[in-house]
Every structure is written in C-alpha cells, then in structure tokens.
1. Take the Cβ-Cβ distance between Gln2 and Ser124 as r, set R0 to 30 Å, and report the resulting FRET efficiency rounded to the nearest 0.05.
2. Please compute the length gained on full extension between Ser55 and Gln102, using 0.36 nm multiplied by the number of residues separating them and subtracting their Cα-Cα distance.
3. Region 61-116: which trypsin sites (Lys or Arg not before Pro) are DSSP loop and have at most 15 other beta-carbon atoms within 10 angstrom?
4. Of all alpha-carbon pairs in region 1-122, indicate the percentage at a distance above 24 angstrom.
5. Quick one: with all protein chains in place, what share of the accessible area of region 1-121 is carbon or sulfur, to the nearest percent (1.4 Å probe)?
6. Give a residue-ordered list of calculated ³J(HN,Hα) values for region 59-73 (Karplus: 6.51 cos²θ - 1.76 cosθ + 1.60, θ = phi - 60°; whole Hz; x for Gly, Pro).
7. For Gln116 and Glu45, compute 0.36 nm times the residue count separating them, minus their Cα-Cα distance, and round to one decimal in nm.
8. Give me the one-decimal nm value for the distance between modelled label points at Lys74 and Val22, 7 Å along each residue's Cα-to-Cβ direction.
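The values are calculated or read from the model by the stated rules, or taken from the named source; none is laboratory data. What you see is a predicted model, and the numbers here were worked out from it, not measured in a lab. Cβ coordinates were reconstructed from backbone atoms using ideal geometry, including for glycine residues, and neighbour counts include every protein chain displayed. Heads up: the accessible areas ignore ligands, DNA and RNA and are worked out on the full protein's heavy atoms, side chains in. Shrake-Rupley method; radii C 1.70, N 1.55, O 1.52, S 1.80 Å.
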Amino acid sequence: VQLQASGGGLVQAGGSLRLSCVVSGRPAGRYVLGWFRQAPGKKREFVSAITNFGSTYYSDFVKGRFTISKDNAKNTVYLQMDSVKPEDTGVYFCAADQRFIQSTIRVPETYDYWGQGTLVTVSS
C-alpha cells in the first residue's frame with residue numbers, strides 16, 4: 001500500500017486549504033485513514049481520522065475548523081482546513097491502519113502505512 005499526500009502550501013491565517021491523499025495498492029475503503037502533523041522540533045501529533053464506515057475523529061485543536069472526508073471510488077482521503085492559524089503550520093502526513101481500534105486511533109505508532117508528507121505554512 002502506498003499513500004501520496006498533496007495540497008500543502010502557503011496560506012494566510014484565516015484562509016483555507018485542502019489536502020488530498022491518494023491510496024494505491026489496495027482499496028482505501030479497507031483502512032482507517034488518518035492525518036497527522038509535525039511541527040519543527042515537535043513530535044508527530046494526531047489531527048483527524050476516518051474509519052472504514054465513515055466515522056470521523058478530530059483532535060481538539062482542529063475540531064470545528066477541519067473536516068476529513070473520503071472518496072472510496074477515487075481511493076482518496078481529504079482534509080479540508082478552514083480558519084487556519086499559524087500554529088497549524090507543519091508537515092502533514094496521511095496514514096492507513098488495517099484495524100479499527102477506537103482507543104488507539106489517535107496513536108501514530110498503530111498505523112501501518114504512511115505517505116511522504118506535505119508542508120503547510122500559515123502566515124500571520
């Protein structure tokens with residue numbers, strides 16, 4: 001399974017950006033698909049995830065601003081980022097997990113496959 005993230009770039013605070021992640025090799029609908037981010041000097045942190053059945057999960061710091069969705073026909077998961085803040089700056093990674101375990105959906109170590117990351121920079 002391979003994941004290819006795209007859509008990052010420079011955006012002003014308060015603006016919007018949409019990230020995409022294409023899954024290849026296996027149907028995306030089989031996996032829990034997640035987004036994580038890593039800011040300079042910080043560890044990777046959970047942003048959002050969507051399960052095989054479409055249930056969604058968000059971290060507290062993006063809830064109400066970001067929206068995760070997927071298109072199984074296109075094998076693609078999206079992250080719509082609205083009302084972005086400078087603290088949203090970082091490299092955003094998409095990941096896939098073969099198993100849905102609610103208690104660990106926010107834990108990056110439980111994900112089996114990772115994309116290469118796409119850089120998001122939010123200017124103030």
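1. Step by step, r from the Cβ atoms, then E = 0.30.
2. Once the chain is fully extended between Ser55 and Gln102, it gains 15.9 nm.
3. Of the trypsin sites (Lys or Arg not before Pro), the ones in loops of region 61-116 whose Cβ has at most 15 other Cβ atoms within 10 Å are Lys63, Arg65, Arg99.
4. Tail of P(r) above 24 Å: 17 percent of Cα pairs.
5. Roughly 49 percent, rounded to a whole number.
6. Karplus values, whole Hz, x for Gly and Pro: 6, 4, 7, 10, 4, x, 10, 10, 9, 9, 8, 8, 10, 5, 5.
7. Net length gain for the segment: 24.0 nm.
8. Here the modelled spin labels are 1.1 nm apart.
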